[in-house]
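As structure tokens, the structure follows; a few thoughts come after it.
No value in this document is a laboratory result; all are computed from the given coordinates. If you're wondering where the values come from, they're calculated on a predicted model, not measured in any experiment. Here the Cβ is made from the backbone with ideal geometry for all residues, glycine too, and neighbour counts use every protein chain on show.
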Amino acid sequence: MGNQESNSAKSDQVAASSRTQSRKRKLIGVVTSDKMNKTRVVTVERRMAHAKYGKYMTKRAKYKAHDENNEYRLGDRVLIVESRPLSRQKRWRVERLLDRAQEM
């Protein structure tokens, strides 16, 4: 009996610790389009070495991210976080602003 109780207590601890630790991916990118309502297109750049030749290349990926208040503008550097599917193409949400774009 005591063994079963200790096993359930351990499983409760593991479940509680996994809830506090987020497994959602976080990426930093630049807003490249703000023309859609409540949606921003964020371009994320990664530098990676070529598998055979070792030359560093820049890989770019575009993500559609949810922006509830339409507050982020073109050129802003933002942090995006993975979320549940919000639409057919939106699986990310803008978490916060890192750098504001330069005004001209």
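Listed values, structure above:
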read-out	value
Using a Förster distance of 41 Å, the FRET efficiency for residue 100-residue 51 (Cβ separation, nearest 0.05)	0.65
Sparse-neighbourhood loop sites, chymotrypsin sites (Phe, Trp or Tyr not before Pro) in the range 22-104 - DSSP loop, at most 16 other Cβ within 10 angstrom	53
Cα-Cα over 24 Å, subset of 26/90; 55/90; 35/62; 24/62	55/90
